[in-house]
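One structure is given here, and the rest of the page talks about it.
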Amino acid sequence: MVFVMRQVQEKRIEQNMSLYAVFIDLTKAFDSVNGEALWTILRKLGCPAKFTTLIRLFHENMTGQVLSNGEPSEKFAISNGVKQGCVLAPVLFNLFFAQVLLHAVRDIELGIYIKYRLDGSLFDM
């Protein structure tokens, strides 16, 4: 990652452009996902209502407990974040984070644009 940042900085200098970088601690970001926003995003992306409801029920009324010196704490409510250890958690977080980024950069015209294909082919043939 350090190599990539240095390469980007060199290109910025060569092209006399501004550079803005943001570093996000994704381990903490998983715990900061807002549930209501996530359900809205899933609906916006066309996720079937039954599936969204199922995921929502799985995340509602979550509780946590801390183990300290072998003694469990009182249970406490967890209102934000995706369920830890759930196989859907990375997918839900990625969908949420992608929408946050799209919202953040929707009015920005400058930048590096990456072309990609959705047809499964790697080469132009």
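Values as computed for the structure displayed
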item: Hey, R56 touching a residue at least 12 places away in the same chain (Cβ under 8 Å), touching a helix residue (DSSP H, G or I) at 6+ places or on another chain (Cβ under 9 Å) and of a type in the set (D, E, K, R) or not; result: yes
item: Residues located in the stretch 1-30, provided they are under 30 Å from Q84 (Cβ atoms), out of contact with any Phe, Trp or Tyr (no Cβ under 8 Å at 6 or more places or on another chain) and small (G, A, S); result: A21
item: Qualifying residue in the stretch 113-123 (condition: at pLDDT 70 or above and closer than 16 Å to K28 by Cβ); result: no
item: Subset of the stretch 72-85 [farther than 18 Å from I55 by Cβ, open to solvent by 70 Å² or more (accessible area, probe 1.4 Å) and not acidic (D, E)]; result: P72, K75, F76, A77
item: Answer residue from the stretch 1-23, given it is surrounded by 10 or more Cβ atoms within 10 Å (Cβ to Cβ) and assigned to a loop (DSSP other than H, G, I, E, B) and is nearest to the chain's Cα centre (by Cα) among those; result: L19
item: Extreme residue, modelled with the highest pLDDT, among residues of the stretch 37-71 that are open to solvent by 60 Å² or more (accessible area, probe 1.4 Å) and within 15 Å of the chain's Cα centre (by Cα); result: T40
item: Count of the stretch 62-78 residues which are assigned to a loop (DSSP other than H, G, I, E, B) and in contact with a strand residue (DSSP E or B) (Cβ under 8 Å, 6 or more places away or on another chain); result: 4
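The values are calculated or read from the model by the stated rules, or taken from the named source; none is laboratory data. As the structure is a computational prediction, the values presented were derived from the model and not from experiment. Neighbour counts are summed over all protein chains in view; Cβ atoms, including those assigned to glycine, are modelled from backbone coordinates with ideal geometry. To get the accessible areas, we keep the full protein, side chains included, count just its heavy atoms, and leave off ligands, DNA and RNA. Shrake-Rupley method; radii C 1.70, N 1.55, O 1.52, S 1.80 Å.
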